[in-house]
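The values are calculated or read from the model by the stated rules, or taken from the named source; none is laboratory data. Since the model is a prediction, treat every value here as computed from it, not as a measurement. Don't worry about glycine lacking a Cβ; one is built from the backbone with ideal geometry, like all the others, and counts go over all protein chains shown. These accessible areas exclude ligands, DNA and RNA; they are computed on the full protein's heavy atoms, side chains included. Shrake-Rupley method; radii C 1.70, N 1.55, O 1.52, S 1.80 Å.
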Amino acid sequence: MLASFAPALAAEEQGDDGQVAYNNACRTCHSFKEGDNRLGPTLHGIVGRKAGSVEGFAFSSAMKSSGITWDEANLDKFIANPEAVVNGNGMKPFGGVADAGERKKIVDYLKTLK
């Protein structure tokens with residue numbers, strides 16, 4: 001009987017893992033709520049959005065002129081090393097998340113913020 005609950009529990013844990021990874025790396029500066037800009041812009045709806053385009057947030061000129069659209073690959077690279085992707089961004093002192101598994105959890109979680 002318990003085996004029938006295993007897939008649902010695994011999916012729930014995956015979502016929880018993503019939110020935990022997000023909380024550990026991003027939540028200090030970013031909200032996931034639409035329109036809730038903080039030290040960093042809201043990450044609500046980030047996947048598919050043009051970098052530097054959140055209304056009401058003062059982005060660095062480097063971010064505004066980067067030409068990046070946030071897809072999974074760009075987010076992964078940026079979360080790994082923001083300065084290497086957009087030199088002069090305003091993410092300091094955040095230096096990146098080295099662990100590829102943690103970055104994947106964060107990106108997967110960001111994809112749910114619609």
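Among the GluC sites (Glu not before Pro) in the range 8-89, which ones are in a DSSP loop with at most 15 other Cβ atoms within 10 Å of the Cβ? Mind listing them?
Listed in order of number, the matching sites are Glu34, Glu55.
Take the range 45-100, compute every pairwise Cα distance, and split them into 5 Å bins from 0; I just need the percent in each bin.
All Cα pairs, binned at 5 Å, distribute as 4, 21, 29, 29, 14, 3, 0 percent.
Which residue, Ala25, Ala80, Ala62, has the most motion in a Gaussian network model of the chain that connects Cα atoms within less than 10 Å?
Fluctuation is largest for Ala62.
State the extension gain, in nm to one decimal, for the chain segment bounded by Asp76 and Lys111, taking 0.36 nm per residue of separation less the distance between their alpha-carbons.
11.4 nm
If you roll a 1.4 angstrom probe over the protein chains with everything in place, what fraction of the accessible area of the chain belongs to carbon and sulfur, to the nearest %?
Result for the chain: 55 percent of the exposed heavy-atom area is carbon or sulfur.
What residue among Lys92, Lys50, Lys104 shows peak mean-square fluctuation when the chain is described by a Gaussian network model with Cα springs under 10 Å?
Comparing Lys92, Lys50, Lys104 in a Gaussian network model of the chain, the most mobile one is Lys92.
How much accessible area per residue does the chain have, counting only protein heavy atoms and a probe of 1.4 Å, in square angstrom?
Computed with neighbouring chains in place, this is 61 Å² per residue.
If R0 is 30 Å, what FRET efficiency do you get for Arg38 and Lys104 from their C-beta distance, rounded to 0.05?
Step by step, r from the Cβ atoms, then E = 0.80.
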